[in-house]
Amino acid sequence: MIHDLIQAIEDQKDSLVKLILDLVSINSLLGNEDHAQNFIEEQFRSRSLAIDRFGINHDELKKYPGYSPSIGDWENHENIVGIFKPEKPKGRSLILNGHIDVVPVGDERLWTNPPFEPTIKDGHLYGRGSGDMKAGIAAFIVAFDSFKKIGLEPAADIFLQSVVEEECTGNGALACLQRGYKAQAAIIPEPFNETIMSAQVGVLWLNMEVFGKPSHVLNANHGTNAIEGAFVLWQHLKSLCEDWNNKKNRPAAFSNSEDPIKFNLGIIEGGEWASSLATRCQMNLRIGFFPGIHTEDVIKSIEKNITQTIQNNPELSDLKVNLLYGGFQSQGCLVDLESDFVKTLSKCHTSITNAEPDFFASAATTDARTFNLYGDTPATCYGPKARNIHGIDECVSINSVIKISQVIAVFIAEWCLFNRLSK
Ligand SMILES: [Zn+2]
């Protein structure tokens, strides 16, 4: 039977690739997920799944732990859940989750091909969102399909989720939870190179707005340039990042990772005139931190670092700093590697690849935290090999997606069990 499932996915290779191509060709940047979600809804409907489509109610969601302050409000910004209920349930329930939102493409001139016109070359499918994570969504849809192809159906509830806002708040996945979606396990096929995620860092976003003391450039000694001041603050924040990476401060899961804590200066804007000292500079920062640390404590550390830098550097005494928090306020989490869930997934990985899985402590956050920390649903990430995610010429290995789809299918068989379809 397992062999038949694996073969069924091999036989569906073309439709799997087509599904990824279709998904990548639909631009689903933040606030623009609607068309891609329409496509997903059609896909779910054509598989006779019950459809639940819903937006994020911020007033309600705010009351939940794990909520991150929104960075915008969009119309038609909805999650889709495809619900499968078996005729004769006997196995354990499962959530298959993926995010439909993709990150900005950067400067398009750097791409070999336009980011939303997917291409295939040397066994890789290129385009924004190919790896992160439309291939993962396609992989679990095709894994689900493989049962019907061989006359079976899974024997437990399965919820196929396509969510928004994974890349900025995680409020999409949290909204699923708030709506009542829990299960005995959740797999998120993020492009983590066929590893099983063992832990993930926490992430905080903040906007550091810095005001200087304006002056004509000829009186520069009497003024403070907001851009230069902001850079001094940033340099000191980076030394805080080095401290946090210190091996003695780490949870065991990260003991062998190379600098898992990253502070990133993602956006900078400021200044008004080439011959005037800049009066204002804004830096949008992403701060990583280890599991077990609360975001409130991270905020305190950041604020303390900035205050101390200003106190210790008299030339910065005129700077005014305003910290604005929007986007991720997301704690890290650890995955229980001894759980039956992870052991079953490991076994399924080995059955397809003939190798033990590697475990991966992620220096990025994912929606897995929401399930693990607040949803009473053990979750991990397990997805295909990809390159340049969040970068230029992002691509995913087609062979790897097929493998992931096969592992997920075998996992469904083991976890949810299955029944023969009545004719
Ligand atoms: Zn992702």
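Numerical summary
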{"quantity": "Per residue accessible area of region 152-268, 1.4 Å probe, in Å²", "calculated": "38"}
{"quantity": "Most mobile listed residue (THR377, THR169, THR309) in the chain, GNM with C-alpha springs under 10 Å", "calculated": "THR309"}
{"quantity": "Prolate/oblate/rounded label for region 16-153 (Cα gyration tensor, a/c 1.5)", "calculated": "oblate"}
{"quantity": "Calculated [θ] (222 nm, deg cm²/dmol) that DSSP helices of n ≥ 4 give over the chain, each run adding -39,500 (n - 2.57)", "calculated": "-10000 deg cm²/dmol"}
{"quantity": "Overall dimensions of region 299-423 as given by Cα atoms, namely Rg and Dmax in Å", "calculated": "22.2, 81"}
{"quantity": "Apportionment of accessible area to carbon and sulfur, the chain, percent (1.4 Å)", "calculated": "49"}
{"quantity": "GluC sites (Glu not before Pro) within region 258-355, DSSP loop, no more than 16 other Cβ atoms inside 10 Å", "calculated": "GLU258, GLU272, GLU338"}
{"quantity": "Over region 202-329: Rg over Rh, Cα atoms, Kirkwood Rh", "calculated": "1.04"}
{"quantity": "Cβ-based net charge around CYS381, under 12 Å, with every Lys or Arg adding one and every Asp or Glu removing one", "calculated": "-4"}
{"quantity": "Where Rh is the Kirkwood radius over Cα pairs, Rg/Rh for the chain", "calculated": "1.02"}
{"quantity": "Amide H contacts of TYR64 (H built 1.01 Å from N, under 5 Å, at least 5 apart or other chain)", "calculated": "none"}
{"quantity": "Euclidean distance between Cα centres, region 361-401 to region 193-232, Å", "calculated": "28"}
{"quantity": "Residue pairs, from the table LYS213/LYS304; LYS63/LYS320; LYS18/LYS385, whose Cα atoms sit over 25 Å apart", "calculated": "LYS63/LYS320"}
{"quantity": "Total formal charge among the other residues, if their Cβ is under 15 angstrom from that of SER351, Lys/Arg +1 and Asp/Glu -1", "calculated": "-2"}
{"quantity": "1.4 Å probe accessible area per residue over region 1-101, in Å²", "calculated": "48"}
{"quantity": "Cα-based helix-to-principal-axis angle, 135-149 vs the chain, degrees rounded to 10", "calculated": "10"}
{"quantity": "Whole-Å distance, taken between Cα centres, linking region 238-295 and region 296-320", "calculated": "14"}
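The values are calculated or read from the model by the stated rules, or taken from the named source; none is laboratory data. Please read these numbers as outputs of a predicted model, since none were measured by experiment. We place every Cβ from the backbone using ideal geometry, glycine too, and count neighbours over all the protein chains shown. SASA here: full protein model, heavy atoms, side chains in, ligands and nucleic acids out. Shrake-Rupley method; radii C 1.70, N 1.55, O 1.52, S 1.80 Å.
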